[in-house]
Amino acid sequence: NLEAIGSGWKICEKTHERIESLVLDMLSISKDRNHERRPTDLRDVISDAIALCRARAAESRVDLVWNRPVDFPGMMLDSEAIHRAILTLVGNALDACSEKDHGKVTVALERDADGAVLQVIDNGVGIPESDLQKIFSLFESSKGSRGTGLGLPVSLKIAREHGGNLSV
């Protein structure tokens, strides 16, 4: 039965992605990494992450907007690490909007004196003031069984290892 096989395969793929993500997060958080920085077009890294999130956004009926700048200089980055961080940020924004009618996530990239500012803006439910101090703490999650509490701490670590920071 090809329909059953196809359905089962989708479940296997989703489970594999979750396990892979968890393992990579655990490895990232457990030790300092020497990132393999190469000349990178950050716009392409962001575009790839956005492409991976489009189906999820459509499923949740959330508009996902990427304001890709026309010109942007190349940067020395570990594109795989930055990609993971961007996927986490966009994924969290999609999660915040999934319960809302007319959800919208906007991703924008700008230059600044230090290099780049990436903004992920959503019109979701927001973060309670009492939770702001702990969102970058290990194993803190408001997603119940859907979250590990590793995504934002790992993303912050990646940003700092690249000389950047995350702020809310």
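The values are calculated or read from the model by the stated rules, or taken from the named source; none is laboratory data. Just so we're clear, the structure is a prediction, and the values are computed from it rather than from any experiment. Here the Cβ is made from the backbone with ideal geometry for all residues, glycine too, and neighbour counts use every protein chain on show. What goes into the accessible areas is simple: the full protein's heavy atoms, side chains included, and nothing from ligands, DNA or RNA. Shrake-Rupley method; radii C 1.70, N 1.55, O 1.52, S 1.80 Å.
A few points about this structure:
- For segment 44-93, the tally of residues that are open to solvent by 40 Å² or more (accessible area, probe 1.4 Å) and over 15 Å from the mean Cα position of the chain (by Cα) stands at 12.
- If you go through segment 6-43 and keep only what is open to solvent by 80 Å² or more (accessible area, probe 1.4 Å) and either at pLDDT 80 or above or touching a Cys at 6+ places or on another chain (Cβ under 7 Å) (or both), you end up with Glu36, Arg37, Arg38, Pro39.
- Test: residue in segment 141-149 that is modelled with pLDDT of 85 or more and either in a strand (DSSP E or B) or open to solvent by 40 Å² or more (accessible area, probe 1.4 Å) (or both): no
- When segment 94-110 is limited to residues that are among the acidic types (Asp, Glu) and out of contact with any Pro (no Cβ under 8 Å at 6 or more places or on another chain), the one that is most open to solvent (accessible area, probe 1.4 Å) turns out to be Glu99.
- Among the conditions (1) at pLDDT 90 or above; (2) open to solvent by 60 Å² or more (accessible area, probe 1.4 Å), Pro128 misses just one, which is (1).
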